[in-house]
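See structure below.
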Amino acid sequence: MQHKFELTKAAVTQVKNALIKRKTPDASLRLGLRGGGCSGFSYVIEFCDDKPRDRDNIFCFDGVTVLIDKKSMLYLNDCTLDWETSMIWSGFKFVNPNEKTACGCGQSFSV
């Protein structure tokens, strides 16, 4: 099965800036899910300085490598990670067609 995941240009820029700031330009971005929260799952975004694991899905976007483990990929397939900026908030935002409901605080979701 071919998996699909997208990283917007705005998100690529923010990841690159963060990697430069932490002085690890060759690190990857690891995305996944963690059980918990009001609705069942929470997104996980972290930097990874290690090599990809054997079962990782690997995506590359203009020099940014994104790693998603096999289990998380079930829920992140066809997802897009964007960088959103408004007058009161800025940060990464998952646009996930697999989400069925999200909690009021926006920190967790169900599928």
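Each reported figure results from applying straightforward, stated rules to the coordinates on display, with no laboratory input. Keep in mind the model is a prediction, meaning the values are calculated, not measured. Cβ sites come from the backbone with ideal geometry, for glycine too, and all protein chains shown count toward neighbours.
Would you grab the residues whose amide H sits under 5 Å from the one on Phe47? Only those 5+ places off in sequence or on another chain, please, with H modelled 1.01 Å from N.
Placed amide hydrogens put Arg30 under 5 Å from Phe47.
Note down the nm distance, to one decimal, between modelled labels 7 Å out along Cα→Cβ at Glu84 and at Phe47.
My value for the distance between the label points is 2.5 nm.
When you have a sec, figure out the Kirkwood radius of segment 5-98 from all distinct Cα pair distances and drop it here in Å to one decimal?
13.8 Å
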